[in-house]
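*Asks:* One structure, pasted below without further comment.
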Amino acid sequence: MKKFLVINGVNLNMLGVREPEVYGSATLDTLYEQIRKKADKLNCHVDFVQSNYEGEICDKIQQAYGIYDGIIINPGAFTHYSYAIRDALGSVKIPTIEVHISNIHKREEFRHTSVLVAECLGQICGLGFKGYDLALEALCDAVED
């Protein structure tokens, strides 16, 4: 069975509270339940981690090496400046898809650039929680049994 790690970064623990006009009113637990249901349909396993700490996210990426077949990452604001997370992804070479709930290209100028995407298979943004489901489908297709 394929195994995937879903990493949610800084401030995503505040889903449902933080800027509901941008991120909606659903919580992180709601998101995890949705992803679990999708994983069941795709016959794969998912684990979750959320951290507001850049170093902890790097640790989780490094620890994923040899264990997970792919990573879905929503690094939050770390997207725009974390060369440490970028280097962690580059060092393990695990197929990764970057996801954003909002459309980062329609927001403030500083949000338009991702320093991580070059280490990813692709990026999905602006589709809300559905982006995670699409990322999981794409990883299932991209990763061989």
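The values are calculated or read from the model by the stated rules, or taken from the named source; none is laboratory data. This structure is a prediction, so every number in the text was calculated from the model and none was measured. Please note: Cβ atoms are built from the backbone with ideal geometry, for glycine as well, and neighbour counts cover all protein chains shown. The area values use the complete protein model at the heavy-atom level, side chains included, leaving out ligands, DNA and RNA. Shrake-Rupley method; radii C 1.70, N 1.55, O 1.52, S 1.80 Å.
*Asks:* Taking the stretch 112-122 as the search range and keeping residues that are in contact with a strand residue (DSSP E or B) (Cβ under 7 Å, 6 or more places away or on another chain) and open to solvent by less than 40 Å² (accessible area, probe 1.4 Å), which one is nearest to Val22 (Cα to Cα)?
*Replies:* Checking each candidate, the answer is Ser114.
*Asks:* Quick check on the stretch 39-46. Is at least one of its residues within 14 Å of the chain's Cα centre (by Cα), at pLDDT 95 or above and among the aliphatic types (A, V, I, L, M)?
*Replies:* yes
*Asks:* From (1) open to solvent by less than 70 Å² (accessible area, probe 1.4 Å); (2) at pLDDT 95 or above, pick out the condition that doesn't hold for Leu15.
*Replies:* (2)
*Asks:* Let me ask something additional. Give me a count of the residues in the stretch 1-22 that are of a type in the set (S, T, N, Q) and touching a Gly at 6+ places or on another chain (Cβ under 9 Å).
*Replies:* 2
*Asks:* Could you check the stretch 50-81 and list, in sequence order, the residues that are in a helix (DSSP H, G or I), open to solvent by less than 10 Å² (accessible area, probe 1.4 Å) and in contact with a Gly (Cβ under 7 Å, 6 or more places away or on another chain)?
*Replies:* Result: Ile57, single match.
*Asks:* While we're on this one: Would you point out the residue of the stretch 82-111, among those that are open to solvent by 10 Å² or more (accessible area, probe 1.4 Å) and in a loop (DSSP other than H, G, I, E, B), that is farthest from Glu19 (Cα to Cα)?
*Replies:* Only one residue tops the list, namely Lys93.
*Asks:* In addition: Quick one: count up the residues across the stretch 112-136 that are farther than 11 Å from Ile73 by Cβ, out of contact with any helix residue (DSSP H, G or I) (no Cβ under 7 Å at 6 or more places or on another chain) and assigned to a helix (DSSP H, G or I).
*Replies:* Residues that pass the stated criteria total 4.
*Asks:* Moving to a separate point now. When the stretch 123-145 is examined, which residues are found to be free of Cβ contacts under 8 Å to residues at least 40 places away in the same chain and either open to solvent by 20 Å² or more (accessible area, probe 1.4 Å) or β-branched (Val, Ile, Thr) (or both)?
*Replies:* Passing the criteria: Gln123, Ile124, Cys125, Gly126, Leu127, Lys130, Leu134, Asp141, Glu144.
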